Every structure is written in C-alpha cells, then in structure tokens.
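A short write-up of the structure that comes next.
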Amino acid sequence: MNEMKKYFVPLALSFAVTTAVSAASTLDEVMKERGLTQKDLLAAAKTYTPTGGRDEYIVFASGGQSGQVIVYGIPSMRILKYIGVFTPEPWQGYGFDEESKRVLAQGRIQGKDITFGDTHHPAISETAGEYNGRYLFINDKANPRLAVIDLHDFETKQIVVNPIMKSEHGGAFVTPNTEYVMEASQYAAPLENNFEPLSNFNDKYRGAVTYWKFDDKVGRLKPEESFSVELPPYSQDLSDAGKLVSEGWSFHNSFCSERYVGGIESGRPPFEAGCSQKDTDFLHVINWKKGEELFKAGKTTKINGHDVISIKTAVEAGMLFLIPEPKSPHGVDVSPDGTHIIVSGKLDSHTWVYSFEKMMAAHKAKKYESTDPYGIPIVALKDALHKQVNVGLGPLHTQYDAKKCVVFTSIYVDSMVTKWDYCEGKVLDQMPVHYNIGHLMAMEGDSVSPDGKYLVALNKLAIDRFNPVGPLHPQNHQLIDISGDKMQLLYDMPLPLGEPHYAVGIKADKLKPGIRYESGWDSRADQRSEFRTRAGREKIERSPGKVNVFGTLIRSHITPEIIEVTEGDEVTIHLTNLERAQDETHGFAMYGGNFNLSVEPGKTSTAKFIAEKPGVYPYYCTEFCSALHLEMQGYLLVQPKGYVAAAKGMDEGQKYTKADYDKQVKTNLDTQAVIDSVVGFITSHNYSDFPTVVALVEDATEQLGFAGESKKKAEEYATQGDFQNATLWAGQWWQYQVKTADLGLRAKTFLEENGAKKVK
Ligand code: CUK
Ligand code: CUA
C-alpha cells in the first residue's frame with residue numbers, strides 16, 4: 001500500500017493544481033483588470049471552448065512554405081495537428097521511418113529528393129458536391145506535385161509529380177464526385193523536360209491543366225488514368241470545378257496573357273510591368289467530361305509518357321474556350337448552385353460575375369468575338385457577364401454564404417472583407433482585417449451547400465497584432481462571425497509555420513478518424529506490414545552484413561532490449577506497437593541515428609541504418625507513455641569486426657534475496673487490494689454506458705493479464721530458489737499492476753465526473 005501511495009499521491013495532487021491567473025473573481029473585476037469591453041466578452045463567449053469541449057468545424061489550412069498542412073478547430077481556433085506532407089516531420093516519424101520515406105520518395109523531381117514544398121490549396125473529397133470527409137488533397141506550387149492525405153488517420157499516403165509542368169498553382173480542386181483532382185500550371189515552360197530559349201516562348205512554352213483520376217476505393221490517384229489539356233503560355237492561376245448545372249466543366253483564370261518575358265537585368269521592364277499591360281486576361285472554360293472521352297478514345301499525344309490533349313484537338317472537339325476577365329485576375333469561384341462564376345481583378349476594383357447559362361448559349365451558338373493566337377475561340381465579355389461590382393481595391397478570392405446570392409470577397413489592398421450580393425450586384429457590409437488578406441474561407445464553402453456561420457480571413461501580414469517575435473512575423477487567421485447581417489470579428493490566431501494560402505473547413509462530425517491501427521499495420525501503404533511482430537515472437541535475424549530485428553513496444557519496454565551487431569552491418573529494426581489503448585504511442589530514437597519513429601497503437605514502423613562505428617548506442621522510447629517511460633530503453637552494441645565476447649555473465653548492480661522477493665510480493669498483494677477496490681467501484685456503476693470507460697477497462701484488463709504472466713514467472717523462479725530472477729519478475733508484475741491501477745483510477749475519475757449511476 002505504501003508503494004502505491006508513493007506513486008498515486010502526486011497523481012492525485014496533480015488534479016488539484018489550478019493556476020491563479022488573477023485575484024479577480026467576478027466577471028466585472030476581470031473585465032476591469034484586463035480592460036475588456038462587452039463586445040470582447042461576447043466574442044470570447046462565441047469562441048471559448050471549455051476543457052474537454054469539441055469544435056463544430058475542423059479546418060485544414062495549407063502550411064505554405066512549411067510544405068505541411070495545419071489542422072485547427074472552429075470556433076476555438078485551437079491547433080490540433082500539423083500533417084507532414086512534402087516535408088519531413090520528425091514528431092510523426094514522417095521522413096524518418098522507412099515506410100514514410102517511400103511516400104516522400106514518390107515526390108522526387110527528375111530523380112532528386114525534394115524536401116521542400118510550397119503548399120497552396122487543400123481540397124476535401126466530395127460526393128455529389130458535398131464534402132465527404134474521407135480524403136484531403138493539397139498541391140505544391142514550387143515543384144508541381146499533389147499529395148493525398150487519408151482523413152482516417154490524417155497521414156500522407158501518396159505524392160504524385162506532374163509529368164509535364166514546371167510550376168503549378170491551380171490545384172488541388174476536385175470535381176463534384178472526386179472523379180478527378182485538378183491541377184493547373186502557373187509559369188509556362190516547355191511541357192517536355194528540355195531546354196528552349198525564351199525567344200521561343202510563344203511557340204514552345206505552354207501551360208496545361210491536369211485531371212488526376214482518383215480511385216475512391218483505394219484512396220489513391222491513378223497516373224495511368226489521368227490526362228492533361230494543353231493550354232497557351234498564359235499564367236493559369238486558379239481552378240474550380242463546375243457543379244450541378246455546370247457539372248462537367250472546369251474554370252481556370254489566368255494572368256500575363258500578354259505572354260511577356262522579363263529581363264530586368266538587361267534593361268527590359270520587369271515581368272510585373274509587362275504582365276499587367278492589357279485590360280483583360282482570359283478565363284479558360286473546359287469541358288473535362290469531353291476531355292475524358294477524348295482521352296479514352298486515344299485522341300492524345302504522349303508527352304513524358306503522359307496523355308495530353310492538344311489545344312487543336314480540344315478546340316475541334318468544342319471543349320475549350322476563353323472569356324475576357326478583369327485585369328490581372330486572381331481567384332475563380334463557382335457558386336454553390338453552379339450557375340455563376342466570380343473572378344476578381346487584382347488591379348481592378350471590380351469583381352466580375354459570369355453567367356454559366358449565358359456563356360454556354362454563346363458557345364453553343366458558336367458566337368465568338370475572335371480567337372486567341374492559338375486558335376482558341378473567345379466568347380465576348382458582354383455575352384457571358386452577369387454583373388460587374390465595385391467591391392474595393394485589390395479583390396482576390398470569393399466565398400459563398402449559406403444565404404443565396406450572398407458572398408464574401410477578400411480585398412487585398414484595402415485590407416478588408418466585402419460582403420455583397422452577386423445577384424443584385426450591391427455591397428452589403430465591409431469589415432477591416434489585419435492585414436492584407438489573401439484567401440478567405442467559409443464553412444463548407446466549396447460545397448454545393450455552404451454553411452455560412454463563420455469566415456476565416458487568411459491574412460498575409462500580421463504587423464502589430466501580436467507580441468513581436470523578430471522580423472519574421474506569424475500569419476494572422478482572423479475568425480469572423482457571419483451569422484448576422486453585420487460581420488463581427490471574433491478572434492486573431494497567429495499561425496507560425498508558413499503562409500497558408502487557402503484552407504477548407506468541414507463539419508467535424510463528418511470526420512471519422514480511427515484511434516488505432518489493425519495489429520501490425522503499415523500505415524503508409526495501408527496494409528498489414530510484412531514485418532508485423534506479435535508478442536512473444538520477437539526475434540533477431542542475422543545474415544552476412546545484415547541484421548534484421550523484429551521487435552515490439554508496449555508499456556514500458558522495447559523488445560529486444562539488447563541488440564548486438566558488428567561494425568559495418570546494415571541494421572533494420574521493425575517495431576510493432578502492441579498497445580490497443582487510445583493515445584498510447586511509443587517512439588524510438590537512438591544515439592547517432594537520425595531517426596525517430598512514431599509508432600501509434602497497432603502500427604509497425606521501421607528504422608534502418610548502417611552501424612558504421614563500433615560503440616555503445618543507447619536507444620529509447622521518445623513518447624512519455626507511462627510512469628516507467630524513462631526505463632523504456634535498450635542498447636545497440638556495435639562490436640568491432642572480429643570481436644570475441646569474454647565468457648562472463650551480466651555484471652549487474654544489485655543482488656536480491658528471499659527477503660527482497662517477499663517484500664515485493666507483499667507490495668504487490670497490497671496493490672492488488674487497491675485494484676480490486678477500484679474495480680469494485682467501476683463494476684458497481686453503469687460504466688458500460690461510457691465508451692471511454694469501456695476502453696479504459698479493456699486496456700486495464702489487458703495490463704492485468706500481463707501482470708498475471710509475470711506473477712507466474714516470479715513464482716516459478718521462487719520455487720527454484722532463484723530469488724534474483726524471482727524478485728525481478730515480481731517487480732515486473734508490480735509494473736503491470738501500476739499500469740492497471742493508473743487506468744482504473746482514470747476510469748473511476750471519469751465516472752465520478754460524468755455522473756455515473758450506482759447499479760448494484
Ligand atoms: S493563392 Cu495565395 S492568396 Cu496560391 Cu490561392 Cu490567392
Ligand atoms: Cu513508450 Cu515512452
């Protein structure tokens with residue numbers, strides 16, 4: 001009992017510790033002391049989420065230059081996760097275990113490892129135009145790539161490299177049933193991977209849009225079923241898929257249709273001057289369903305082994321046309337009902353609303369005003385335009401409200417959000433943001449039925465909003481309440497990881513992430529690992545120059561604990577986490593090994609390295625997983641070549657006697673009494689009504705089972721009079737009891753705090 005107390009008293013105390021923020025104890029006092037207004041309190045009440053509370057929406061924001069994805073909740077704005085995508089992320093073991101290295105290797109550009117990514121636009125998989133919460137896609141602008149993240153475990157599963165582009169901005173955007181994930185190029189270049197002088201820009205440089213086929217069942221993009229449409233060397237910018245009435249079409253805006261090539265160093269005016277001369281650029285309208293037919297009929301040209309529909313073929317098939325759009329536009333956003341398309345001109349204070357019905361009527365009647373230099377027909381602006389609305393200086397992106405006709409447009413130069421009615425063409429409200437907003441995002445804003453409610457302003461500059469942290473400032477995501485007529489600013493969240501361009505927010509209950517893997521799971525390949533190891537089956541296999549370790553992890557030991565190898569050996573360590581309990585992740589790191597595994601319950605992960613230098617290499621678990629976490633350790637011994645071990649037993653510190661054994665057994669029996677009383681409490685209550693408790697009880701029962709096994713071993717050794725081993729196994733028996741008691745007490749506390757009823 002005494003030993004138990006030693007362990008559990010600090011645990012009990014930790015519940016009682018609260019932080020004294022201030023002496024003020026009434027709302028009025030706190031307001032006065034912190035200088036808060038009624039408005040502040042209202043905003044706080046709309047975002048504050050008490051402990052244990054959940055968010056209504058989950059946001060996936062691009063991580064910008066970090067090459068990652070940032071996950072946070074709304075309205076709390078609490079960051080929940082960073083997902084490693086194009087960049088190694090050690091906490092998740094991403095890029096540090098062999099399984100995830102294979103994913104990153106898929107993103108090699110022409111054979112070269114690229115561990116940087118400039119993520120821009122995340123997109124959630126859709127069914128009938130609604131977010132289905134199953135997959136997330138995100139693009140890399142710097143090296144045209146797309147990644148697939150499985151929302152079952154929030155892990156990156158696949159990276160595909162665009163076979164023909166050298167730059168990409170108009171991805172990832174999905175078609176309404178996730179048939180395709182679209183990706184449009186930005187800076188034109190030869191589609192082949194060859195050299196062409198800039199003097200051949202008009203002839204040899206091209207843009208394109210790629211339609212990546214997505215297989216929903218296996219959750220992977222299928223390169224062999226994907227195709228591209230060749231486009232002129234205008235800098236295609238963003239994309240959006242048509243929906244409902246416009247389903248089957250896709251829209252891509254562009255800038256620099258001047259096809260200007262800079263050269264400031266040789267006295268030529270810079271790109272920015274030459275790319276903003278014309279009053280209009282081109283909206284590209286493409287019938288991707290027609291494109292799919294042409295691709296299946298083999299009407300493509302192979303470029304770098306990839307199927308490309310030429311401009312000529314696309315024009316002849318009537319699947320591609322252009323419409324003028326405002327000067328240096330940015331953003332193209334299709335309305336939830338698919339009837340209108342909104343494009344903003346960065347250098348125009350107007351936002352232009354196009355009517356899908358009008359543009360289709362003109363296209364069907366072949367009513368074009370002219371063709372571009374590549375023979376693509378151009379529908380006249382007046383034949384496609386619904387309205388031009390003055391919304392502010394430097395409009396960029398638009399999001400749709402739940403209310404019909406109501407939209408929100410980000411105004412970059414004026415640093416504000418404009419709420420307006422695109423049916424009537426009138427401004428409804430304007431609100432300053434801090435500062436220079438890029439994208440904005442409404443809840444389920446890209447779906448056929450946006451939820452409205454909240455809007456996030458993804459601001460490019462934070463300037464004076466936060467405590468200063470040096471010249472590099474965090475980004476500022478501002479949460480705005482859009483449920484009323486007037487927008488209300490609720491919260492500023494600094495994001496210190498990169499510049500998120502776009503984000504998507506999904507209703508939290510649509511996500512169904514798991515809490516454990518099937519036993520022995522290779523999470524990156526989504527299949528049972530061939531290196532899965534079960535309890536008691538741990539082994540070390542040796543062949544000349546190679547050592548393969550099949551090990552396991554469970555509170556609080558790594559099996560094996562001693563690994564002996566020879567200098568120069570290639571060592572591969574496969575570790576399976578045997579835990580079934582929620583949040584019982586174990587890590588694995590070693591002196592001199594540049595790796596960290598994150599082995600979540602059920603997972604099998606692999607570390608691989610060459611044992612280059614003789615020496616002693618401690619390894620350990622890197623997650624504080626239990627009270628004996630620090631003892632979750634082991635040694636890799638790299639013996640010099642030709643080393644012969646002396647015939648000598650283990651030189652341990654402590655020798656144990658029968659008295660030590662008896663003392664340990666007494667402790668264990670006392671501990672068992674505590675466990676029994678906790679079990680009594682739990683089973684006398686309606687614990688089976690609480691899934692959290694049921695899981696804890698399952699875990700505790702498992703730990704108690706292990707305790708029983710160790711008890712048996714201890715007793716066997718005691719019978720043989722081997723009190724050294726008997727005492728040590730009795731100690732292990734107690735370790736399992738402690739884990740059991742820990743879980744039991746957590747279950748008991750949960751029942752007490754959640755009003756469990758006594759049943760017997
Ligand atoms: S972009 Cu950055 S503000 Cu890449 Cu969608 Cu508009
Ligand atoms: Cu496992 Cu610490």
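Derivation of every value follows stated rules applied to the coordinates shown; laboratory data play no part. Everything numeric in this text was worked out from a predicted model, so none of it was measured. Positions of Cβ are generated from backbone atoms using ideal geometry, with glycine treated the same way; all protein chains shown enter the neighbour counts.
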- Task: Round to a whole angstrom and tell me the spacing of the C-alpha centers of segment 125-179 and segment 313-365.
- Result: 23 Å
- Query: Between Lys512 and Leu27, what FRET efficiency comes out of the Förster formula 1/(1 + (r/R0)^6) with R0 = 41 Å and r the beta carbon distance, rounded to 0.05?
  - Reply: 0.60
- The Rg/Rh figure for segment 346-447, Cα atoms and Kirkwood Rh, to two decimals is 1.05
- Message: For Cα pairs less than 8 Å apart in space and 6+ apart in sequence, what is the mean separation divided by the residue count of segment 39-135, i.e. the relative contact order in percent?
- Response: 22 percent
- Task: Please give the direction-averaged projected area of the C-alpha convex hull for segment 658-753, in square nanometres with one decimal.
- Result: 5.6 nm²
- Relative to the chain, whose Cα atoms define the longest principal axis, helix 38-47 and its Cα axis are tilted in degrees, nearest 10, by 70 degrees
- Footprinting exposure proxy for Thr26, Thr418 (fewest neighbouring C-beta atoms within 10 Å first): Thr26, Thr418
- Item | Relative contact order of segment 167-208, pairs being alpha-carbon contacts under 8 Å that are 6 or more residues apart, as % | 35 percent
- Please sort by residue number the chymotrypsin sites (Phe, Trp or Tyr not before Pro) in segment 587-680 whose DSSP state is loop and whose Cβ has at most 16 other Cβ atoms within 10 Å. Tyr591, Phe624, Tyr643
- Please determine, in degrees from 0 to 90 and to the nearest 10, the orientation of helix 723-753 with respect to the longest principal axis defined by the Cα atoms of the chain, where the helix direction is its Cα long axis. 50 degrees
- Item | Selection from Val616, Leu575, Pro601 lying farthest towards where the dipole of segment 561-619 points positive, charges on Cβ | Pro601
- Query: Which far-off residues, 5 or more places away or on another chain, put their amide H under 5 Å from the one on Gly207, with H placed in the peptide plane?
  - Reply: Leu231, Tyr234
- Query: Which loop-located GluC sites (Glu not before Pro) does segment 638-730 contain, where loop means any DSSP state but H, G, I, E or B and the Cβ has at most 16 other Cβ atoms within 10 Å?
  - Reply: Glu652
- Can you list the cysteines of the chain that have no other Cys Cβ under 4.7 Å away? Cys621, Cys625
- Proximal lysines to Lys658, defined as alpha-carbon separation beneath 19 angstrom and excluding residues fewer than eight positions away on the same chain: Lys666, Lys711, Lys712, Lys713
- Any chance you could run the full-extension gain for Val427 through Glu631? It's 0.36 nm times the residue separation minus the Cα-Cα distance, nm to one decimal. 67.0 nm
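Determine, from the Cβ-Cβ distance of Lys46 and Ala128 and an R0 of 35 Å, the FRET efficiency 1/(1 + (r/R0)^6), rounded to the nearest 0.05.
It comes to 0.65.
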- Item | segment 409-535: projected area of the alpha-carbon convex hull, averaged over directions, in nm² | 12.5 nm²
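Within a Cβ distance under 9 Å of Ile610, other residues only, what is the Lys/Arg minus Asp/Glu net charge? Don't skip to the answer; put the middle values down first.
Details: positive: Lys608; negative: Asp569, Glu570, Glu612.
Combined, the nearby Lys, Arg, Asp and Glu give -2.
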- Gln720 and Lys278 label points (each 7 Å along its Cα→Cβ direction) are spaced in nm at 8.7 nm
- Task: Quick one: dipole size for the chain, taken about the Cα centre, charges +1 on Lys/Arg Cβ and -1 on Asp/Glu Cβ, in debye to the nearest 20.
- Result: 440 debye
- Item | Fraction of alpha-carbon pairs over 16 Å apart in segment 698-760 - percent | 54 percent
- Message: For Cα pairs less than 8 Å apart in space and 6+ apart in sequence, what is the mean separation divided by the residue count of the chain, i.e. the relative contact order in percent?
- Response: 9 percent
- May I ask for the angle, rounded to the nearest 10°, between helix 658-683 and the longest principal axis of the chain, with both axes built from Cα atoms and the value confined to 0 to 90°? 50 degrees
- Can you give the extra length, in nm with one decimal, that the chain gains between Leu347 and Asp203 once fully stretched, where that is 0.36 nm per residue apart less the Cα-Cα distance? 49.0 nm
- Spatial separation of Cα centroids for segment 728-745 and segment 480-510, in angstrom: 46 Å
- Note on the structure: Too long for a 26 Å Cα-Cα cut-off, among Lys302/Lys364; Lys213/Lys510; Lys539/Lys641; Lys166/Lys312; Lys81/Lys403, are Lys302/Lys364; Lys81/Lys403
- Message: Between Thr37 and Arg102, what is 0.36 nm times their sequence separation minus the Cα-Cα distance? Round to one decimal in nm.
- Response: 18.1 nm
- Message: Using all alpha carbons of segment 527-639, what is the percent of pairwise distances in each 10 Å bin, ordered from the shortest bin to the longest?
- Response: 15, 50, 29, 5, 0
- What base-10 log of the normalised intensity I(q)/I(0) is obtained for the chain from the Debye formula, alpha carbons as equal point scatterers, at q = 0.06, 0.10, 0.11 Å⁻¹? -0.47, -1.07, -1.20
